[in-house]
Amino acid sequence: MAGSSPVDDARRLVAALRQVVLGQEAATRDVVMCLLARGHALLEGVPGTAKTLLVRTLALALNVKFQRIQFTPDLMPADITGISMLTGTHEFRFRPAKTQAALLEAMQERTVTADGVSHPLSATFTVFATQNPIEFEGTYPLPEAELDRFMIKALFGYPPAAVEQGILTRYVEGFEADRTETYGVSPVTDAAGLERLRKAVDAVRVEPKITAYITAIVRATRDAASLTLGASPRAGVSLLKAARATALLEDRDYVIPDDVKGLAPAVLRHRVSVAPELELEGVTADAALKAILDRTEVPTA
């Protein structure tokens, strides 16, 4: 929107999502933060908790191209990257697939390679992946290298009773999840506006004490007896970028320790593995990370 500040645009984006997605405030904020930080987001929750609804709403709020892949067991790489086809002039011409959402190469390098030729993806290319918890039928664990490409893993739980009743009331009033025209959401910004927001995030200051704090947290995950797999250096980079985006959403031009501490579970929970014996006792990644955060010294002003 002309004349508006990056903070105003970012907050309008959050408000547009919360207008449609009820009871998932933390996940909604995390997804917007991830988008502003040029990261990819993994959305996990039981079926029916508004994961896909959030992504559909984001598609309406951003005036950019959105496409979806349904990951079925028979999905082939060419279904994602596209294929080369023989034309009437007897030349092979690359034909992109309907969705340019390749995985490792696309997420890290923002290119896809087909027939030995690299094809660049747009600057706005971002992956929002939804999945059910691993214990659900037909759900398989993603490889560690794949998980590490996601900046955050946002969790979607069941909403409180009052919110759940509010969802039903919205349907009584005409809302339908499969009809986007009932959402009442208009574009908040476009590709140029998103790039402006991202540049504002890049300008957020990060003091050495903050980078030292991030480093201490990430390295502590590798030494924790509760974890068999710690976070990679890429996790520290993601935590830094996410903290900058959060600072922008809070209308600050600098990162504070609470930005880092509050984001650490979302950025790290999918990059660590709980020791099997503790997992059997019900210890979650978030619980193990909380213990690490509680014993990691927080920098002071």
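The values are calculated or read from the model by the stated rules, or taken from the named source; none is laboratory data. Keep in mind that what you see is a predicted model, and the values were worked out from it rather than measured. Note: ideal-geometry Cβ built from the backbone for every residue, glycine included; neighbour counts use all protein chains shown. Heads up: the accessible areas ignore ligands, DNA and RNA and are worked out on the full protein's heavy atoms, side chains in. Shrake-Rupley method; radii C 1.70, N 1.55, O 1.52, S 1.80 Å.
Summarising the label geometry, the points placed 7 Å from Cα in the beta-carbon direction at Ala216 and Thr169 lie 4.6 nm from one another.
In this structure the amide hydrogen of Thr228, modeled in the peptide plane, comes within under 5 Å of the amide hydrogens of Ser273, Val274, Ala275, none closer than 5 places in sequence on its chain. With 0.36 nm allotted per residue and the present C-alpha distance subtracted, the Arg196-Glu144 stretch has 15.5 nm of extension available. Across the stretch 165-175, coupling constants 3J(HN,Hα) worked out from phi with the 6.51/-1.76/1.60 Karplus curve, θ = phi - 60°, read 5, x, 5, 5, 4, 5, 5, 4, 7, x, 6 Hz, and Gly and Pro carry x.
Computed with a 1.4 Å probe over protein heavy atoms only, the accessible area of Lys199 comes to about 130 Å². Taking amide hydrogens as placed 1.01 Å from N in the peptide plane, the amide H of Leu62 sits under 5 Å from those of Val188, each at least 5 positions away in sequence or on another chain.
State whether the stretch 126-254 is rounded, prolate or oblate according to the following rule on the C-alpha gyration tensor (a ≥ b ≥ c being the square roots of its eigenvalues): a/c under 1.5 gives rounded; otherwise a/b larger than b/c gives prolate, and the remaining case gives oblate. Note, shape of the stretch 126-254 comes out oblate. Is the stretch 202-252 rounded, prolate or oblate when judged by the Cα gyration tensor, a ≥ b ≥ c being the square roots of its eigenvalues, rounded requiring a/c under 1.5 and prolate requiring a/b larger than b/c? In terms of gyration-tensor shape, prolate.
Rounded to the nearest 0.05, the FRET efficiency derived from the C-beta distance between Glu279 and Arg234 at R0 = 30 Å is 0.80. Taking all protein chains into account, the per residue accessible area for the stretch 165-301 stands at 52 Å² (1.4 Å probe). Apolar share of the accessible surface for the stretch 158-262: 54 percent from carbon plus sulfur atoms, 1.4 Å probe.
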